[in-house]
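Report on the following structure.
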Amino acid sequence: MRPRLFGATASVAALALLGSLVTACGSSGSDDGTTLRFVAAEYGNSPATSSKAYWDELTAAFTAAHPGKKVEVTLYPWADVDREVTRLVKEGNAPDVALMGAYSDFAAQGRLYAASELLSVRAEANFLPPLAEAGSVGNTLYGLPFVASSRLLFYNEKLFDKAGAKPPKTWSDLEDAAKALKKEGVLYPYALPLGPEEAHAEALIWELSNGGGYAGSSGGYSIASEQNTQTFRWIRNHLVAPGLTGPVPPAELNRQDAFAAFLRGDVGMLNGYPSLLHEARAKGIKVGTLSMPVSDSLKDGQALPSAGVADWMMAFKREGNRELVGAFLEFVYEDKNLSEFAGRYHLLPSTVSASQASKDAAADPSSEQFLNALRGAELYPVNEPSWLQVSNTIKRNIGKAVAPSADPKAVLEDISREVQDITKQT
């Protein structure tokens, strides 16, 4: 997964100035078990919001509690971090710990410690179940979920009031609301970002709302399932063809552009996550939040998972580093440290205890909505070693399935064939 869910979960762009190394503590790595090398994605979008400040504070506290130990932190933009860690691994210079968007390819290569080799039983058992499941290959946890987000349907309450639209619970409700918004001149009645930036996120949200998804029932992928085909056919016929998705074709509309339009007040509805809600409210936009409307063909009361995304901590095996890595990760996942990071970037903590603390402290009912959605969320199949390549294939092609002249079934079958070729090579 690339939460930017979809790649990073972070909704903010990385700093160009962080294309080079940013050292938070220490100056050089060592193999004597005294210096830990940590590579992480940058979550900030300006010097003022850079996550360097957080890691400076955390590593200073950690080294104060562990005399003689050092932590060297290197930050990369989200667009670069997966590639840079892969490069370091290939060069035989893997970091001790990395925070990025995918882990399973390294797990498949036997390069990662299992959580049970590093964490106490209590700490390992503290991860939210859907996140722990996504971080596991077989029954072994390799990808430690760090921060996460879930998706809810956002709607502009002012535009809804003006159009006389009602918050939708089903797809047909959503269509009716979109028609009312269009009649009032709303530029994007429903913003459908199926452009290559993060199309796999929007697609998964819709697939889940019809009982579909990416994962097969017995492992692997199920891209061209009947449910998925029905989903994209409905979107094409009921939203795209009638002009209810705005002036930009969905296959060309990226998430960041859709979010920017929402913040300008040009969007009636779109799927969003906590940081966007925070930005919108800071601009004075009244935002309603709902679970994603479901297909009218589903049985009444049928519970469906929301879409969730997580970013992953992973620890690389290196002679003599296990004890230091385990101590560092135990410290990172203490409630106060994890909650502090999640709060800075309006994301959700990945552990049961930190989530409960966040819920108890939340004055905003929508915060509890996001936390509840995450507990029952379905994530990308990040435990499939081929997921990075598969997700890129989906991002490049899934938008074609809703073009007015498209055959959704044929598009999904083409994607499925490409995915099969990828999995054979992985």
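The values are calculated or read from the model by the stated rules, or taken from the named source; none is laboratory data. Values in this document were obtained by computation on a predicted structure and should not be read as measured data. Counting neighbours? That spans all protein chains shown, and the Cβs are built from the backbone with ideal geometry, glycine included. Remember, those area values only see protein heavy atoms, side chains included, never the ligands or the DNA or RNA. Shrake-Rupley method; radii C 1.70, N 1.55, O 1.52, S 1.80 Å.
Computed from point charges on the beta carbon alone (+1 for Lys and Arg, -1 for Asp and Glu), the dipole magnitude for the stretch 51-161 about its Cα centre is near 140 Debye. Once both labels are positioned 7 Å from their Cα atoms along Cα-to-Cβ, the gap between Glu91 and Asp176 label points is 6.0 nm. Across the accessible surface of the chain, with the other protein chains kept in place and a 1.4 Å probe, carbon and sulfur atoms take up 49 percent. Accessible-area rank, largest first, for Lys52, Lys90: Lys90, Lys52, with all protein chains present and a 1.4 angstrom probe. Where the centroid of each part is defined by its Cα atoms, how far is the stretch 283-362 from the stretch 174-245 in Å? Here the two parts' Cα centres lie 25 Å apart. Using the alpha carbons alone, the radius of gyration of the stretch 167-225 stands to its Kirkwood radius in an Rg to Rh ratio of 1.09.
Pairwise inverse Cα distances across the stretch 188-267, averaged and inverted, put the Kirkwood hydrodynamic radius at 13.2 Å. Each residue of the stretch 340-426 gets 147 Å³ once the volume of the Cα convex hull is shared out per residue. For the chain, the residue among Gly284, Leu75, Val390 whose Cα projects farthest onto the positive side of the dipole built from Cβ charges is Gly284.
Translational diffusion coefficient, Stokes-Einstein: compute it for the stretch 365-413 using the Kirkwood radius over C-alpha pairs as Rh, at 37 °C and 0.692 mPa s, and state it as an integer in µm² s⁻¹.
In µm²/s, the coefficient is 244.
Dipole orientation for the chain: of the candidates Ser367, Pro168, Ala102, Pro168 has the Cα lying most toward the positive pole (charges on Cβ; Lys, Arg +1; Asp, Glu -1). Ranking of Arg396, Arg233 by solvent-accessible surface, largest first: Arg396, Arg233 (1.4 Å probe, protein heavy atoms only, all chains present).
DSSP finds beta bridges in the chain, and of those with both partners inside it, around 60 percent are antiparallel. One compactness figure for the stretch 278-371 is 1.47, namely its Cα radius of gyration divided by 2.2 N^0.38 Å.
If you sort the three axes of the alpha carbon gyration tensor as a ≥ b ≥ c, you get a/c of 1.5 or more for the stretch 105-145 and a/b no higher than b/c, which makes it oblate.
Hey, what does the equivalent ellipsoid look like for the stretch 71-185, semi-axes from the Cα gyration tensor as sqrt of 5 times each eigenvalue, largest first, whole Å?
Output for the stretch 71-185: semi-axes of 43, 19, 13 Å.
Using only side-chain charges placed at the Cβ, +1 for Lys and Arg and -1 for Asp and Glu, the dipole size of the chain relative to its Cα centre rounds to 700 debye. Under the combined filter of DSSP loop state and at most 14 neighbouring Cβ atoms within 10 Å, the stretch 184-223 retains none of its chymotrypsin sites (Phe, Trp or Tyr not before Pro).
The lysines whose alpha-carbon is closer than 22 Å to the alpha-carbon of Lys336, local same-chain residues fewer than 8 away aside, are Lys52, Lys69, Lys70, Lys359.
Accessible surface area normalised per residue over the chain is 40 Å², counting heavy atoms of protein chains with a 1.4 Å rolling probe. For the stretch 207-309, pairs of C-alpha atoms spaced more than 19 angstrom apart make up 56 percent of the total.
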